[in-house]
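For reference, the structure discussed in these notes is given below.
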Amino acid sequence: MSKSKSSESIKVVVRCRPMNEKEKAAKFEMVVSVDVKLGQIIVRNPREAAANEHPKVFTYDSVYDWNSKQIDLYDETFRPLVDSVLLGFNGTIFAYGQTGTGKTYTMEGVRNDPERRGVIPNSFEHVFTHISRSQNQQYLVRASYLEIYQEEIKDLLSKDQTRRLELRERPDTGVYVKDLSSFVTKSVREIEHVMNVGNQNRSVGATNMNEHSSRSHAIFVITVECSELGVDGENHIRVGKLNLVDLAGSERQTKTGAQGERLKEATKINLSLSALGNVISSLVDGRSSHIPYRDSKLTRLLQDSLGGNARTVMVANIGPASYNLEETLTTLRYSNRAKNIKNKPRINEDPKDALLREFQEEIARLKEQLEKRSGKKKRRRRRRGGEGSDGEDLEEGETEEDEEEGEDKGDYWREQQEKLERERKAIMEDHSLVAEEKLRLLKEKEKKMEDLKREKDAGEMLSAKVKAMESKLLVGGKNIVDHTNEQQKMLELKRQEITEQVHHIL
């Protein structure tokens, strides 16, 4: 079942950076003004010949000037989208603009400074804070990171950075990257580590426009799977996917001073951004029957984000200087068209490929195996009990599980080892046995000890597998193992309180 609106427009915001030192030193004019209240960007032409020309005015969902704070931008523009991802929608945030206009600052910011953190680290905090406050839900969060460099897809988290990946398409889930790695993350620190590893593998280089220019498009994907008991008594899974896209900068080669490899990179960057522009134009132009998604890897990957099953926010970054007037106008026209794209987002419920479902089923299967082993163990104990040893039958109302919880799990194996050791010593000390018979009996006991060790190791391995898988599932911000331990501690405290109250009454 999927819940959806008929359609909703892409949200477009514009952010203008301050004049930089180079622009000030060169005495360029500030030609951009930002009207935050009206959501308008006003651009004037500084040339004398254009003195009578009216300024160009562009209106957007929101606009932010050079005084805007990272957290305000996040709370006002991006938080609602991330909230919808936590409900099971797909969401995409992408930064577009000329090289050196602050796209990477908007998306990543300064990680060690809470006030200057960008969209990506703020979204990490947002996701895991939400999970920590949730109740009666299981979560699985995983992350992937890819780069499109010169029209080739690279997995930034792969050990083999020379390998190039291919795009595939499925009718149920759409376009995906074949063999793209993903890592289950249980905290902000873990997901930040995944991103840092990927960032070390990104393609960057210096140009005249930007000393640390991104020479590739990068997409960081957070998949949030949530399992919750429905009114029908069944577990239902929702899967939200958040694409965080840092596009390489559009640029004019005459200004960037691109040569050799940089020129080749710039050509490919501009080609994919041109394809993105063509897709936007085709989606807005009602007469186009064909949308050219296949013209670049970037547009194929963003197919759902542009006119498909996703909620999308585009943040256009611009500079205020007269030197970049034409590039600024190009960015503003581009983003102005994007406002008219209609998406059809829906909640992704019970998808076939949910990893959380696989985890739950595998945990259930392993627990069943553990219970079978536990059952055999208890039957042996009860048989010993019937033979006059210390074993006791279960009391009325007591289950085998209760008995198991009430005993030290190591007791059974210790008892068995001690029993076999006593029997082995008895054989050694029995002088009535002939040598051959003694040897045969000792070999039997040795084999039993080996079998016992194998059974114990297999049980421990199964138990470790269950714990390892459960530790990846989050309940109220804690993994299931810690959550269960905490619940048990609380139950124990309650028992103690009740016991103390009873003693007090008596």
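Please go through (1) crowded, with 24+ Cβ neighbours inside 10 Å; (2) farther than 19 Å from V245 by Cα for M107 and return the number of the only condition it doesn't satisfy.
Among (1) crowded, with 24+ Cβ neighbours inside 10 Å; (2) farther than 19 Å from V245 by Cα, the lone unmet condition for M107 is (2).
Considering each of V110, V141 in turn, give the residue that is more than 23 Å from N348 (Cβ to Cβ) and β-branched (V, I, T). Walk me through how you get there before you give the answer.
Values: V141 fails: more than 23 Å from N348 (Cβ to Cβ).
It is V110.
Being of a type outside the set (S, T, N, Q), surrounded by fewer than 16 Cβ atoms within 10 Å (Cβ to Cβ) and modelled with pLDDT under 95 narrows it down to one of R170, R117, so name that one.
Result of the check over R170, R117: R170.
Return yes or no: is V12 within 38 Å of the chain's Cα centre (by Cα) and at pLDDT 95 or above?
Working: within 38 Å of the chain's Cα centre (by Cα): yes; at pLDDT 95 or above: yes.
So V12 fits the description; yes.
Here are the criteria: (1) part of a loop (DSSP other than H, G, I, E, B); (2) without any contact (Cβ under 8 Å) to a residue 12 or more places away in the chain; (3) touching a strand residue (DSSP E or B) at 6+ places or on another chain (Cβ under 6 Å). Tell me which single one T162 does not satisfy.
Status for T162: all satisfied but (3).
Would you be able to say whether some residue in the stretch 80-102 is without any contact (Cβ under 8 Å) to a residue 60 or more places away in the chain and assigned to a helix (DSSP H, G or I)? First the steps, then the outcome.
Filtering the stretch 80-102 for residues without any contact (Cβ under 8 Å) to a residue 60 or more places away in the chain gives 80, 83.
So of that shortlist, the ones also assigned to a helix (DSSP H, G or I) come out as 80, 83.
For the stretch 80-102, residues without any contact (Cβ under 8 Å) to a residue 60 or more places away in the chain and assigned to a helix (DSSP H, G or I): present.
Given the conditions (1) under 21 Å from V313 (Cβ atoms); (2) part of a helix (DSSP H, G or I); (3) in contact (Cβ under 8 Å) with a residue 40 or more places away in the chain; (4) not hydroxyl-bearing (S, T, Y), report the number of the one that E23 does not fulfil.
(1)
Could you tell me whether any residue of the stretch 291-300 is at negative phi, surrounded by 21 or more Cβ atoms within 10 Å (Cβ to Cβ), among the hydrophobic types (A, V, I, L, M, F, W, C) and in contact (Cβ under 8 Å) with a residue 24 or more places away in the chain?
There is at least one residue in the stretch 291-300 that is at negative phi, surrounded by 21 or more Cβ atoms within 10 Å (Cβ to Cβ), among the hydrophobic types (A, V, I, L, M, F, W, C) and in contact (Cβ under 8 Å) with a residue 24 or more places away in the chain.
Hey, can you tell me all the residues within the stretch 99-116 that are among the hydrophobic types (A, V, I, L, M, F, W, C) and over 17 Å from N67 (Cβ atoms)? Even if it seems obvious, please write down each step before you answer.
Here is the first cut: in the stretch 99-116, the residues among the hydrophobic types (A, V, I, L, M, F, W, C) are 107, 110.
Within the stretch 99-116, just M107 meets the criteria.
Looking at the structure I just gave you, is D350 within 26 Å of the chain's Cα centre (by Cα), closer than 28 Å to C16 by Cα and of a type in the set (D, E)?
Values: within 26 Å of the chain's Cα centre (by Cα): yes; closer than 28 Å to C16 by Cα: no; of a type in the set (D, E): yes.
Answer is no for this residue.
Which of the residues spanning the stretch 234-282 are part of a loop (DSSP other than H, G, I, E, B) and at pLDDT 80 or above? Write out each step before concluding.
At the first step, the residues of the stretch 234-282 found to be part of a loop (DSSP other than H, G, I, E, B) are 234, 247-249, 251-252, 257-259.
The answer is E234, L247, A248.
Residues that are under 18 Å from E418 (Cα atoms), free of Cβ contacts under 8 Å to residues at least 40 places away in the same chain and assigned to a helix (DSSP H, G or I): does the stretch 464-477 have at least one?
Initially, the stretch 464-477 is screened for residues under 18 Å from E418 (Cα atoms), giving none.
No; the residues of the stretch 464-477 include none that is under 18 Å from E418 (Cα atoms), free of Cβ contacts under 8 Å to residues at least 40 places away in the same chain and assigned to a helix (DSSP H, G or I).
Which pairs have Cβ atoms under 6 Å, sit 6 or more apart or on different chains, and link a residue in the stretch 28-48 that is at positive phi and surrounded by fewer than 15 Cβ atoms within 10 Å (Cβ to Cβ) to one that is at pLDDT 95 or above and in a strand (DSSP E or B)?
none
The values are calculated or read from the model by the stated rules, or taken from the named source; none is laboratory data. Because the structure is a prediction, the values reported are computed rather than measured. In this analysis, Cβ positions are derived from the backbone assuming ideal geometry, glycine residues included, and neighbour counts consider all displayed protein chains.
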